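The next block holds one structure in the form of structure tokens; read it before the comments.
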Amino acid sequence: MARSKNVLFILADQWRADCLSALGHPVVRTPNLDALAADGVLFRRHYAQTSPCGPSRASILTGLYAHTHRSVRNGIPLDARFTNLALEMRRAGFDPALIGYTDTSADPRGRPADDPALFTYESVMPGFTPALRLPEDPAAWLAHLRQLGYDVPPHGWDGAARPIENYPDAAARGPTYAPARYKAEHSDTAFVADAALEYLETQRSRSWFLHLVFLRPHPPWIAPEPYNRLYEPSSTPRFRRAADAVLESRAHPYLAWLLTQQQHVAGMPDAHLRQVRATYWGLIAEVDHHVGRLIAWLKENGQYDETLIIFSCDHGEMLGDHWLLGKDGFYDQTYHIPLIVRLPGGVAGRSVDEFSESVDLVPTMCTALDLPVPAQCVGRSLLPWLVGATPSRWRQEVFFEYDFRDVPGAAPERALGLDLDQCCLAVIRDRRFKYVHFAALPPLFFDLDDDPDELANRANDKDCTARVLEYAQRMLSWRLETAERTLTGVQLTSAGPVHRRNASRRTGD
């Protein structure tokens, strides 16, 4: 297998796994991503390591679990001692370009007090060369809209996210139905894709590495025509939730507190909440269209068979399930995300039903490019799956974590009687059971065969006592095995340093 000449690493934002037609969604259609999956490998049980955006991207780009990198909230710094994907690609001779954002919170140590990086969680991960930086304040795109004649402010989403007024049926279908005032070809998604195509045009004569990040389908949930009306709200699958938010809140103290923060969801008419889903799907369709443009360019310019292509996202979205919107908590809707990988010369049309994790992406890219995997990485290379092999030993479960501390305001600490460092949970989930461990609150335990909607906590059932203990012990073993490892494979001896690597990080076995 020849080394790939180029890498196109695409991340969307807030895209849950079931919203791919290749994974059997009854409504959503993603023809371009489905075609990529048919030409590569679709990982059906792929999970994010944490949420929200910044912490998840820290895990993706460093190959570390959140309990190691500890950038666990947007704005909590990422320790500068860790290497990352961009730095490793530079060692391989790439100049890794970024179009979009990495939401990296810079390490403040050694920086002057007025360093602009200390006033945002949206810095660029060290090592990337920004070809277009488009953070939460999309000033570059807004300037583009103003040049086209649109009336938008210089900063912020408020002006750009204004819908067309008096749009037919908008009152009945809810505030996410009316389309944006800009045309589809002028949307933020189109703007990012156009920038990527311009970048590719400049790289024709040399190898390139492009990390392309789409904001969508992340809020604001406003779509340009025709994507705002592409799907009928009535076609949305049922909500996975208790009969009402009050009943839902009885499942756990943390969930009760979280639902008090999202009372607007319980008060939203179901018709409006279904339109949220329809608009979300429309934004997904728009991203899929522009992914198709990029792949078409690669094919037309003879680079498709020279390019490693990875499509995934940072985390999912609750979409009204459990009376929640967003990406807080412990439910699968937040952590089960898409992953499609196409390796030139690799297998096509393979669907992998084993578990994979976001921490696997750095080892995968390194091994696909015949580079050493950084010692810090805890993930496993997916390369065996990409070349048609089946690893003899593979993970039987996934782990993910969520930290709900509020450093400036201490809201959950006050509400739940917790200390700052007790505001966290960790999850082990396999095909049958799911165990949620809180640092200082009661655990949760779900039998996913009997209760796929995660509505019945069985942690206190006597017939589950042994299993709860087993899963708690497995989680403890996981934490021990995945502790910080940068130098633990090195030992100083009378003959000098001896280095030993964990072979499974490279081979997947």
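Annotations
- With respect to the conditions (1) part of a helix (DSSP H, G or I); (2) closer than 26 Å to P344 by Cα; (3) open to solvent by 10 Å² or more (accessible area, probe 1.4 Å); (4) not hydrophobic (A, V, I, L, M, F, W, C), R44 falls short on a single one, namely (1).
- Selection from the stretch 442-481 of residues that are open to solvent by 30 Å² or more (accessible area, probe 1.4 Å), in contact (Cβ under 8 Å) with a residue 12 or more places away in the chain and among the hydrophobic types (A, V, I, L, M, F, W, C): L455, A472
- Selection from the stretch 325-361 of residues that are buried (at least 23 other Cβ atoms within 10 Å of the Cβ) and either more than 18 Å from the chain's Cα centre (by Cα) or among the β-branched types (V, I, T) (or both): T334, I337, I340, V341, R342, V359
- In summary, no strands (runs of 3 or more DSSP E) completely within the stretch 408-509 bear 2 or more residues that are of a type outside the set (V, I, T) and at positive phi.
- All of (1) more than 22 Å from A278 (Cα to Cα); (2) in contact (Cβ under 8 Å) with a residue 40 or more places away in the chain; (3) not in a strand (DSSP E or B) hold for A256 with one exception: (2).
- Failed item in (1) more than 30 Å from N460 (Cβ to Cβ); (2) touching a Leu at 6+ places or on another chain (Cβ under 6 Å); (3) open to solvent by 20 Å² or more (accessible area, probe 1.4 Å), with R405 passing the rest: (1)
- Screening D169 on (1) open to solvent by 10 Å² or more (accessible area, probe 1.4 Å); (2) touching a residue at least 12 places away in the same chain (Cβ under 8 Å); (3) in contact with a Phe, Trp or Tyr (Cβ under 8 Å, 6 or more places away or on another chain) shows it passes everything except condition (2).
- V291 meets the conditions (1) touching a Lys or Arg at 6+ places or on another chain (Cβ under 7 Å); (2) in a helix (DSSP H, G or I) in every case but one. The failed one is (1).
- Selection within the stretch 229-251 - touching a residue at least 12 places away in the same chain (Cβ under 8 Å) and under 13 Å from L324 (Cβ atoms): F239, R240, R241, A242, A245, E248, A251
- Residue within the stretch 352-359 that is among the hydrophobic types (A, V, I, L, M, F, W, C) and part of a helix (DSSP H, G or I) present: yes
- Pick from the stretch 141-155, criterion surrounded by fewer than 16 Cβ atoms within 10 Å (Cβ to Cβ) and among the aliphatic types (A, V, I, L, M), ranking: farthest from the chain's Cα centre (by Cα): L148
- Restricting the stretch 26-41 to residues that are open to solvent by less than 20 Å² (accessible area, probe 1.4 Å) and not hydrophobic (A, V, I, L, M, F, W, C), the residue that is farthest from the chain's Cα centre (by Cα) is G40.
- Test: F119 is aromatic (F, W, Y) and surrounded by fewer than 21 Cβ atoms within 10 Å (Cβ to Cβ): yes
- Test: L132 is closer than 30 Å to L371 by Cα, open to solvent by 40 Å² or more (accessible area, probe 1.4 Å) and either outside any loop (DSSP other than H, G, I, E, B) or among the hydrophobic types (A, V, I, L, M, F, W, C) (or both): no
- Tallying residues that are within 18 Å of the chain's Cα centre (by Cα), over 19 Å from D403 (Cβ atoms) and either assigned to a strand (DSSP E or B) or at pLDDT below 95 (or both) within the stretch 60-118 yields 3.
- The stretch 233-249, subset open to solvent by less than 70 Å² (accessible area, probe 1.4 Å) and not in a loop (DSSP other than H, G, I, E, B), residue farthest from T260 (Cα to Cα): S235
The values are calculated or read from the model by the stated rules, or taken from the named source; none is laboratory data. Quantities reported herein were computed from a predicted structural model and do not represent experimental measurements. Neighbour counts are summed over all protein chains in view; Cβ atoms, including those assigned to glycine, are modelled from backbone coordinates with ideal geometry. With ligands, DNA and RNA removed, areas are computed over all heavy atoms of the protein, side chains included. Shrake-Rupley method; radii C 1.70, N 1.55, O 1.52, S 1.80 Å.
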